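Below is one structure, written out as structure tokens; the observations come after it.
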Amino acid sequence: MSLLNKLNTFLASQQIFYVKLHNLHWYVVGSSFFTLHAKFEELYDQTATIVDDVAERILALKGNPIGSIRKALEASSISELDDSKISGQEAVKILLEDVKSINEESKEIRSLAAEAGDGVTEDQFNNYVGAYEKLIWMLEAYLE
């Protein structure tokens with residue numbers, strides 16, 4: 001898969017992740033509500049920035065970023081979540097699986113960018129990998 005195609009897949013995943021984080025933010029219930037409600041908001045704010053940065057990187061590389069939810073759903077590596085109450089533990093488990101998937105995409109893009117000699121994209125995704133690995137550690141610690 002080309003670097004631009006993989007960037008668009010990543011962008012689609014981020015767009016669906018953004019919506020999913022809102023879903024978790026709204027529907028999480030239980031004793032960890034206050035903690036998780038705030039954390040999900042923090043994460044969807046970060047994801048909004050990533051969506052914009054990746055779309056702009058695609059444009060800088062003369063590509064066409066996915067801009068519709070329909071196309072994002074078709075291309076995303078993660079799925080939507082139903083609109084229903086969810087326990088904190090279950091929400092974190094779902095989030096952890098998505099973050100692991102997104103981190104793997106980030107590593108693939110970092111490698112493709114390195115092969116293409118695109119240091120800007122490689123640096124951008126190296127930063128994402130570091131942030132996602134930290135988040136994975138934190139989510140796993142939460143679940144222990």
Rh by Kirkwood over Cα pairs, then Stokes-Einstein D for region 61-108 at 1.002 mPa s and 20 °C, µm²/s: 166
Can you list the trypsin sites (Lys or Arg not before Pro) in region 14-63 that are in a DSSP coil and have 16 or fewer other beta carbons within 10 angstrom? Lys62
Subtracting the Cα-Cα distance of Thr49 and Ala116 from 0.36 nm times their residue separation yields 21.7 nm
Roughly speaking, what is the stretch gain from Leu143 to His22, that is 0.36 nm per residue apart minus the C-alpha to C-alpha distance, in nm to one decimal? 41.5 nm
Among Met138, Met1, which comes first, then next, by fewest other beta-carbon atoms within 10 Å? Met1, Met138
For region 1-28 and region 63-77, write down the distance between their C-alpha centroids in whole Å. 9
Show me, bin by bin at 5 Å from 0, the whole-percent P(r) of region 24-105 based on Cα pairs. 3, 13, 18, 24, 19, 12, 7, 3, 1, 0
Please find the FRET efficiency linking Arg70 to Val29, where r is the Cβ-Cβ separation and R0 is fixed at 22 Å, and quote it to the nearest 0.05. 0.15
Dipole check, region 59-100, charges on Cβ (K,R +1; D,E -1), about Cα centroid: among Ser79, Leu96, Ile66 the Cα furthest to the positive pole belongs to Ile66
Relative to a virtual label point 7 Å from the Cα of Ala60 in the Cα→beta-carbon direction, which members of region 96-123 show backbone nitrogen distances below 16 Å? 110, 113-114, 116-123
With a Cα-only, solvent-free Debye model of the chain, what are the log10 I(q)/I(0) values at q = 0.16, 0.20, 0.22 Å⁻¹? -0.82, -1.19, -1.38
Where the only charges are on Cβ atoms (+1 Lys, Arg; -1 Asp, Glu), what is the dipole of the chain about its Cα centre, to the nearest 20 debye? 200
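Read the figures in this text as sums done on the coordinates, not as results from a lab. What you see is a predicted model, and the numbers here were worked out from it, not measured in a lab. Cβ sites come from the backbone with ideal geometry, for glycine too, and all protein chains shown count toward neighbours.
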